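First comes the structure, then the notes that go with it.
The values are calculated or read from the model by the stated rules, or taken from the named source; none is laboratory data. No experiment lies behind these values; they were computed from the predicted model shown. We place every Cβ from the backbone using ideal geometry, glycine too, and count neighbours over all the protein chains shown.
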Amino acid sequence: MTLLELLFVISIVGILAVIALPALPGIKESNVMAAANRQLLDDIALARQLAIKNRSEVSMVFVPPITSQMSPADEAGRFVQGQLTSYRLFAQGTVGDQPGRPNVKYLTGWKELPEGVHIAAWKFEDKTPRVVSVGAGLSVTVTPFAYEKFPYPTSTNDASMEFAVITFDAQGRLAPADLSPDGSCVIPFARGSVLHAQDASGYVWRRVDEKERPAWNSTNNFNFVVINGLTGRARVHRPEIN
């Protein structure tokens with residue numbers, strides 16, 4: 001190989017590198033979103049299976065943004081840290097419970113979405129359904145989370161906290177309160193950051209600072225986990241796979 005040929009090859013490699021480098025962050029973001037989708041799909045399937053197995057309601061409880069109406073309970077730091085990103089499964093009873101004495105309990109520990117992905121804040125905060133355009137003249141209606149009080153931090157604790165929730169019944173169907181007019185439940189993901197207020201002693205009881213990057217990507221470049229209300233089965237709805 002001559003020096004001229006070597007320089008020519010190096011030039012080609014340099015040009016390809018310049019072209020490829022801008023795409024690398026996008027590949028990383030896509031991988032993180034794919035991991036978040038897979039995680040939530042797996043846990044939705046688990047909640048449905050446990051509801052059918054236990055012949056009782058099983059709820060997925062999501063940590064909402066803190067508001068001024070909330071008051072700290074035990075293990076408050078965990079609640080603060082989990083805003084928009086954490087959830088766990090809760091059983092309203094199990095097979096063999098005595099009538100009027102259901103054995104309520106948390107079925108899993110807290111689970112976190114991958115860093116860089118969170119549930120869109122407006123899913124927690126909207127008071128009415130939101131219509132999101134998904135292109136080609138089509139739209140999806142996203143119903144806000146329902147809210148219920150659950151014992152917190154343990155299933156036997158006298159204190160309670162209000163969580164956002166979706167609930168599967170003993171047949172694996174979603175509760176009517178969770179459903180949009182088309183009979184589905186939509187959980188919108190957002191790319192971005194979730195920043196917590198902290199002082200010298202740790203996390204502060206304050207609403208999380210949530211930033212979508214790029215802005216409004218939860219609607220403009222949407223990534224929805226859609227649950228069929230009748231079957232309880234979930235799928236991903238996003239532009240590149242439609």
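Looking at the stretch 152-167, can you tell me whether even one residue there is crowded, with 16+ Cβ neighbours inside 10 Å, of a type outside the set (A, V, I, L, M, F, W, C) and modelled with pLDDT of 90 or more?
yes
The rows are residues; the columns are (1) of a type in the set (S, T, N, Q); (2) within 22 Å of V117 (Cα to Cα); (3) touching a residue at least 60 places away in the same chain (Cβ under 8 Å).
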residue	(1), (2), (3)
A164	no, yes, yes
G172	no, no, yes
P176	no, no, no
C185	no, yes, no
S193	yes, yes, yes
D199	no, no, no
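Name the single residue that is farthest from W122 (Cα to Cα) among those in the stretch 136-155 being under 17 Å from the mean Cα position of the chain (by Cα) and of a type in the set (F, W, Y).
Y147
What tally of residues in the stretch 37-60 results from selecting those that are in contact with a strand residue (DSSP E or B) (Cβ under 7 Å, 6 or more places away or on another chain) and among the acidic types (D, E)?
2
Can you name the residue in the stretch 112-138 that is modelled with pLDDT under 95 and among the small types (G, A, S) and is also nearest to F163 (Cα to Cα) among such residues?
Checked the stretch 112-138; the qualifying residue nearest to F163 (Cα to Cα) is G116.
Looking only at the stretch 1-16, count how many residues are more than 49 Å from the chain's Cα centre (by Cα) and not hydrophobic (A, V, I, L, M, F, W, C).
Of the residues in the stretch 1-16, 2 are more than 49 Å from the chain's Cα centre (by Cα) and not hydrophobic (A, V, I, L, M, F, W, C).
Modelled with pLDDT of 90 or more, within 21 Å of G192 (Cα to Cα) and surrounded by 19 or more Cβ atoms within 10 Å (Cβ to Cβ) - does that describe any residue in the stretch 91-104?
no
Please note which strands (runs of 3 or more DSSP E) are completely contained in the stretch 135-242 and include at least 1 residues that are farther than 22 Å from D43 by Cα. If you could, list the steps in order and put the result at the bottom.
Values: elements: 138-142, 146-151, 160-168, 184-195, 209-212, 224-228, 234-237.
Once the strands (runs of 3 or more DSSP E) in the stretch 135-242 are filtered for at least 1 residues that are farther than 22 Å from D43 by Cα, what remains is 138-142, 160-168, 184-195, 209-212.
Tally time: how many residues in the stretch 194-234 are surrounded by 16 or more Cβ atoms within 10 Å (Cβ to Cβ), of a type in the set (S, T, N, Q) and in contact with a Gly (Cβ under 9 Å, 6 or more places away or on another chain)?
3
Can you pull out the residues in the stretch 195-232 that are modelled with pLDDT under 90 and in contact with a Phe, Trp or Tyr (Cβ under 6 Å, 6 or more places away or on another chain)?
Listed by number, the list holds a single entry, H196.
Within the set of pairs 6+ apart or on separate chains, which have a first residue in the stretch 218-242 that is closer than 19 Å to Q171 by Cα and of a type in the set (A, V, I, L, M), a second that is at pLDDT below 95 and surrounded by fewer than 22 Cβ atoms within 10 Å (Cβ to Cβ), and C-beta atoms under 6 Å apart?
Pairs that qualify, where the first residue is closer than 19 Å to Q171 by Cα and of a type in the set (A, V, I, L, M) and the partner is at pLDDT below 95 and surrounded by fewer than 22 Cβ atoms within 10 Å (Cβ to Cβ), are V226/H237.
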